[in-house]
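Bear in mind these aren't lab numbers, they're just calculated from the coordinates by the rules spelled out. All figures in this text were calculated on a predicted structure; none of them were measured in a lab. Cβ placement follows ideal geometry from the backbone for every residue including glycine, while neighbour counts extend to all protein chains displayed.
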Amino acid sequence: MNALSDWLLGLVPTYGPWLIGASTFLSCLALPVPVSILMLTAGGFVASGDLGALQIVVAALAGAVLGDQAGFRIGRIGGEPLLARMGRDPRTGRLIARAVDQMNRRGAIGIFLTRWLFSPVGPYANFAAGATGYAWPGFTLWGVLGEAVWVGLYIGLGYGFAGNIEAASDMAGSVLGILAGVAAMAGFGLWLVNALWLDRTKAARG
């Protein structure tokens with residue numbers, strides 16, 4: 001970890017909920033905050049009794065939801081020209097393209113998955129959803145559900161490993177990998193069922 005991360009981690013026991021809430025908010029606006037490590041650390045302090053579980057979870061979720069809403073609003077105000085300007089940077093352009101692809105292919109589920117499973121894409125999905133006229137109620141509903149998974153996963157793992165951040169981080173990567181595989185299998189299963197249903201419908205009509 002770099003000096004900034006070390007400094008922020010040292011502030012967790014003192015400014016717990018405020019720091020975690022601010023970190024999740026800023027991360028949802030694509031700012032480089034080590035939010036995953038901070039949530040794992042906060043979970044460890046919850047396990048030791050130095051921080052309250054409810055305060056940390058509420059602060060993390062509130063910050064994430066507000067960050068999503070701010071990103072959505074920025075995208076709505078800036079519109080397609082904003083995405084074009086952001087896309088001039090090759091890395092940002094790739095992330096925006098992935099975000100738009102997730103929404104086009106998966107719709108509401110794409111919003112849900114970019115909160116936690118494809119979290120690096122999440123902030124750009126916020127901008128893209130606003131800029132492309134995505135419906136706000138659906139964005140909000142699936143965004144909140146996805147952020148709840150993200151917050152629960154990282155704070156829960158930090159709590160479970162009680163301060164062993166390296167082990168908790170490794171486990172988070174493993175859990176996300178497993179969930180990605182399950183999601184892919186579920187998606188293929190749904191596609192297969194839909195394809196069989198369409199074939200049967202065509203046969204019945206023929």
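For segment 3-166, the dipole from Cβ point charges (+1 on Lys and Arg, -1 on Asp and Glu) about the Cα centre works out to 620 debye, to the nearest 20. Annotation: amide H-H contacts under 5 Å for residue 51 (H modelled 1.01 Å from N, sequence separation of 5 or more, or interchain): 46. Using every pair of distinct Cα positions in segment 3-166, the Kirkwood expression returns a hydrodynamic radius of 15.8 angstrom.
What order do you get for 144-154, 19-29, 102-112 when each peptide is scored by the mean count of other beta carbon atoms within 10 Å, highest first? Spell out each step's value before the answer.
Details: 144-154: 20.5, 19-29: 23.1, 102-112: 17.6.
Listed from highest to lowest mean packing, they are 19-29, 144-154, 102-112.
Loop-located trypsin sites (Lys or Arg not before Pro) across segment 11-91 with a Cβ neighbour count of 13 or fewer within 10 Å are 88, with loop assigned by DSSP.
From the alpha carbon centroid of segment 91-134 to that of segment 21-61 is 23 Å. Couplings 3J(HN,Hα) of segment 42-47, computed from phi: 4, x, x, 5, 5, 4 Hz, in residue order, whole Hz [Karplus 6.51 cos²θ - 1.76 cosθ + 1.60, θ = phi - 60°; x for Gly and Pro].
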